[in-house]
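In what follows, a single structure is set out as structure tokens and then discussed.
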Amino acid sequence: MNSQANYVLTLSCGDRKGIVAAVANSIASQNCNICESAQYGDPDTKRFFMRVSFSAPEGMSKEQFMDGFRPVATGYDFNWEVHDLTVKPRVLILVSQTGHCLNDLLYRNQTGQLNMDLVAVASNHTSWQSRVEHEQIPFHYFPVTKETKAEQEAQILELVEKENIDLVILARYMQVLSDDMCKQLKGRVINIHHSFLPSFIGANPYKRAHTRGVKMVGATAHYVTADLDEGPIIEQDVSRVEHHNTVQELIAQGRDTESQVLARAVRYHLEHRILLNGDRTVIFK
């Protein structure tokens, strides 16, 4: 992300000639300077996608820019947003008992690698409470059983509303979100899981994958929808497996890959690099 930019414009619309020129001219006419620009026209859906980061004159608010840009947006029927890069998205992390992704995100947050305001961490266990509080981040314990799931989700949603959360990260949070919760948080929840799905569903996937003799382990980060683990994919990666690797070595490789994939997906979201194209994503890296 260009450090000189203070705004990001994202848009999508039906593909047609003249869009890039119209956008650039409108930005320039407001005495703004483009720092980074990327676009993509999908030949299958006939949709056009664009992301532009730009610097605006001192004192120009987001609303002022939007007022000046609106005639072009209306003329081309843009689905568009403008994001103020000086305002860090407010983030909530949900975790259960496995902490590799949480630890990685805490480190990246502490070292400033992710442009976010980590407001809180919540869990259905207390395993990572001391680790989180060591970073002086509020920790919320929300235990859950099958009978109390609705009440527990209500507590999480109350926290999201109270803290004005922009993004919820499921850092190996081993609870399936209800359809209602998925709908309420649509486009605001990122999940990470191993990419053995659907071949090795359920418990001990690495053990069964090892028995089967898999040659790679991987991870998938995606937006959460009511369709379990089938939301729009943001990022994926794999690492090679050798014949001599043990189950524990597979697990270690998988955890490293999960941490890296989740961090990249979160960064793309925080930097407003992801645009939805139906059930797929367009990502301007």
Inset, instruction - Rank these for me by crowding, C13, C32, going from fewest to most other beta carbons within 10 Å. - result: C13, C32
Legend entry - Nearest-20 debye value, the range 90-283 charge dipole, Cβ charges on Lys, Arg, Asp, Glu: 520 debye
Legend entry - Qualifying aspartates and glutamates (Cα of each under 13 Å from Cα of K46; at least 8 residues distant if same chain): D15
Legend entry - Bridge type composition, the chain - antiparallel percent by DSSP, nearest 5: 70 percent
Legend entry - Burial ranking of peptide ranges 108-121, 266-279 (average Cβ count within 10 Å, highest at the top): 266-279, 108-121
Inset, instruction - Would you order E161, E153 from fewest to most other beta-carbon atoms within 10 Å of each residue's own beta-carbon? - result: E161, E153
Legend entry - Rounded if a/c under 1.5, otherwise prolate or oblate - the range 7-84, Cα gyration tensor axes: prolate
Legend entry - Peptides ranked, highest mean first, by Cβ atoms within 10 Å: ranges 88-99, 229-240: 88-99, 229-240
Inset, instruction - For the pairs K17/K88; K149/K183; K88/K162; K62/K88; K88/K149, note any where the Cα-Cα span goes beyond 24 Å. - result: K17/K88; K88/K149
Inset, instruction - Could you state the angle between the C-alpha long axis of helix 62-76 and the longest principal axis of the C-alpha atoms of the chain, as a value from 0 to 90 degrees rounded to the nearest 10? - result: 80 degrees
Legend entry - Over the range 131-194: Rg over Rh, Cα atoms, Kirkwood Rh: 0.95
Legend entry - Note, ³J(HN,Hα) from phi for the range 173-185, Karplus 6.51, -1.76, 1.60, rounded to Hz, x at Gly and Pro: 8, 8, 10, 7, 6, 5, 4, 5, 5, 4, 5, 5, 10
Inset, instruction - Report, in whole Å, the centroid distance computed from the Cα atoms of the range 29-108 and the range 158-215. - result: 25 Å
Legend entry - For the range 90-283, fraction of C-alpha pairs farther apart than 32 Å, in %: 13 percent
Inset, instruction - Take the chain, connect every pair of alpha-carbon atoms lying under 10 Å apart with a spring to form a Gaussian network, then pick out the residue of A171, A28, A203 with the largest mean-square fluctuation. - result: A203
Legend entry - Fewest-first ranking of F200, F54, F65, using other Cβ atoms within 10 Å as the exposure measure: F200, F65, F54
Legend entry - Furthest towards positive pole of dipole, A56, N25, C35, structure part the range 1-68, Cβ charges: N25
Legend entry - Label point 7 Å beyond Cα of N33 along Cβ direction - residues of the range 54-70 with amide nitrogen under 12 Å: 54-58
Legend entry - J(HN,Hα) series, the range 149-158, from Karplus relation 6.51 cos²θ - 1.76 cosθ + 1.60, nearest Hz, glycine and proline x: 4, 4, 5, 5, 5, 4, 5, 5, 5, 5
Inset, instruction - Using Cα pairs closer than 8 Å and at least 6 residues apart in sequence, work out the relative contact order for the chain, in percent. - result: 16 percent
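Values in this text are rule-based calculations from the coordinates and carry no lab data. Here the structure is a predicted model, which means the values were calculated and not measured. Neighbour counts run over all protein chains shown; Cβ positions are idealised from the backbone, glycine included.
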